[in-house]
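**Q** Quick one: this structure, given as C-alpha cells, is what I'll be asking you about.
We did not get these values from a lab; they are worked out from the coordinates using the rules stated. Worth saying up front: this structure is predicted, and the values here are computed from it rather than measured. Backbone-built Cβ (ideal geometry, glycine too); neighbour counts: all protein chains shown.
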Amino acid sequence: MAKRSARRGLDAPLGRSGMLGRGSGSALPSSDTFGRFSEAFARAMGTSGFLIGMSVFVVIWLWWNISMPRAWQFDPAATNFTLLTLILSLQASYAAPLILLAQNRQDDRDRVQIEQDRQRAERNLADTEYLAREIVALRMALEERASQGITREVLRAELRAMLAELRDEDPV
C-alpha cells in the first residue's frame, strides 16, 4: 500500500487525531492541552470538595486498616500505613509541579492582559489629548468669529457715519 505524502497544500488544514488531540505524527500531547489539564487539576485540587473527599478517603482508609480483622487489612497500622503514605507522597509529588505550571500559565495570561491594558490606556490618553486640542481649536475659532462679529459691527457703524457725513457735505 502506498504511503500518503507528508506534504500538504497550504489550503488543507492540519488534522488533529487521537484522544489527547495529538497531531498525526506527534508522540506527545501539545503543551496547550497539557497546560489546560494542569489548570483543571489545580482548580479541582483547590476546592473544598477535594479537601473533604480526600479527608473522607484517609479516614476510611485508616478506619478500615485499624478496625478490620488482620486478614482484611491491606495497609496495617503495624507498618505505619506505608501504602497510604506512599499514595499521599505520590499525589503531592505530581500535584506541586502541575499547580506551578497552572500558575505560570496564569502569569502569562496576566502579562498579556497588563500589556493590553497599557496599550488601551495609551490610546485613551492619545484620544483625550486629541479631543483637548480640538476643543482648544474650537474655542479659538469661536473667539475669532466673535471678534470678527464685533469688528463688522464697528465697521458698519463707521461706514454709516461716513456715509452720513458724505450726504451732509454733498452739494446737491
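**Q** Once you put a point 7 Å from the Cα of residue 36 and another 7 Å from the Cα of residue 77, both along the Cβ direction, what distance in nm separates them?
**A** That separation, rounded to one decimal, is 4.7 nm.
**Q** Further question on the same structure: Please give the length that would be gained between residue 113 and residue 86 if that part of the chain were fully extended, namely 0.36 nm times their separation in residues minus their C-alpha to C-alpha distance (nm, one decimal). Please list the in-between numbers first.
**A** Details: separation 27, 0.36 × 27 = 9.72 nm, distance 4.08 nm.
Full-extension gain reported as 5.6 nm.
**Q** Out of region 69-129, which trypsin sites (Lys or Arg not before Pro) are coil in DSSP terms and have no more than 12 other C-beta atoms within 10 Å?
**A** Working: sites: 70, 105, 109, 111, 118, 120, 123; in loops: 70.
Sparse-neighbourhood loop trypsin sites (Lys or Arg not before Pro): 70.
**Q** Starting from 0.36 nm per residue, how many nanometres of slack lie between residue 146 and residue 161 once their C-alpha separation is accounted for?
**A** Numbers: separation 15, 0.36 × 15 = 5.40 nm, distance 2.27 nm.
Between residue 146 and residue 161, full extension yields an extra 3.1 nm.
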